[in-house]
Amino acid sequence: MFLLRHAKSSWADPALPDQERPLTERGERSARRVATYLESELIRPELVLCSSARRARDTLDVIRPVLPRRSTVQVAEGLYGAGAAGILDRLRAVDADVDSVMVIGHNPGLEDLARDLAGDGDEAAMEQLRTKFPTAALACFDVSTPWVRLHEGHAFLTHVVPPRRLPDEGS
């Protein structure tokens with residue numbers, strides 16, 4: 001399972017509704033870094049659940065070319081503004097035959113969910129979650145329980161990848 005926080009979004013237009021804020025140039029660069037990472041690490045989610053907010057959809061658009069063609073992508077209104085419990089409820093509704101899921105969403109819900117699910121994990125990854133879950137960060141978990149029985153502490157946090165730790169495209 002993968003939790004991807006949307007990339008950095010713009011506050012340049014104060015009249016723009018929050019749900020319609022686009023990515024900044026920095027956000028687009030970070031999303032491209034994450035896309036390169038997903039491709040190089042062969043991260044291939046079967047299902048992608050994406051918030052309906054523009055910044056989440058823009059992040060999805062950047063990573064979509066590296067997703068498998070067979071990936072199912074669902075833009076879900078309920079993920080915009082969802083807390084940890086709401087995201088967890090959505091994950092519990094995933095079909096049992098789906099092996100891997102990526103959620104593209106927002107803080108504080110994603111960060112709270114990552115902390116809640118990580119019953120154990122790589123110490124550096126756990127420390128990263130305790131410190132900050134920045135925009136365009138990717139939290140990667142091993143989940144051995146069926147989705148319907150996913151609860152707090154039922155996932156192993158393997159790593160957290162903040163975009164600043166990734167090379168620029170072309171580097």
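No lab work stands behind these numbers, since they all come straight from the coordinates. These numbers were taken from a predicted model, which means no experiment stands behind them. A quick note on method: Cβ atoms are made from the backbone with ideal geometry, for glycine too, and the neighbour counts reach across all protein chains shown.
By counting other Cβ atoms within 10 Å of each Cβ, how are 115, 32, 69 ranked from fewest to most?
69, 115, 32
For the chain, what value does the Rg/Rh ratio take when both radii are computed over Cα atoms and Rh is the Kirkwood radius, given to two decimals?
That ratio equals 0.94.
Only helices at least 15 Å long along their axis, Cα-based, and averaging 0.5 or more on Kyte-Doolittle count here, so list those DSSP H runs from the chain.
None clear 15 Å together with a mean of 0.5.
Given +1 on the Cβ of Lys and Arg, -1 on the Cβ of Asp and Glu, and no further charges, what dipole in debye does segment 8-167 carry about its Cα centre, rounded to the nearest 20?
540
Give, to the nearest whole percent, the P(r) tail of segment 72-171 beyond 21 angstrom, counting all Cα pairs.
When every Cα pair of segment 72-171 is considered, 33 percent fall beyond 21 Å.
Would you list the P(r) distribution for segment 21-60, with all Cα-Cα distances sorted into 10 Å bins from 0 and each bin expressed as a whole %?
For segment 21-60, the binned pair fractions read 29, 51, 21 percent.
When the helix-only estimate is applied to the chain (DSSP H runs of n ≥ 4, each -39,500 (n - 2.57), divided by the residue count), what is the mean residue ellipticity at 222 nm, nearest 500 deg cm²/dmol?
That calculation yields -9500 deg cm²/dmol at 222 nm.
Connecting C-alpha atoms closer than 10 Å in a GNM of the chain, tell me which of 76, 53, 35 has the biggest fluctuation.
Comparing 76, 53, 35 in the GNM, the peak value goes to 76.
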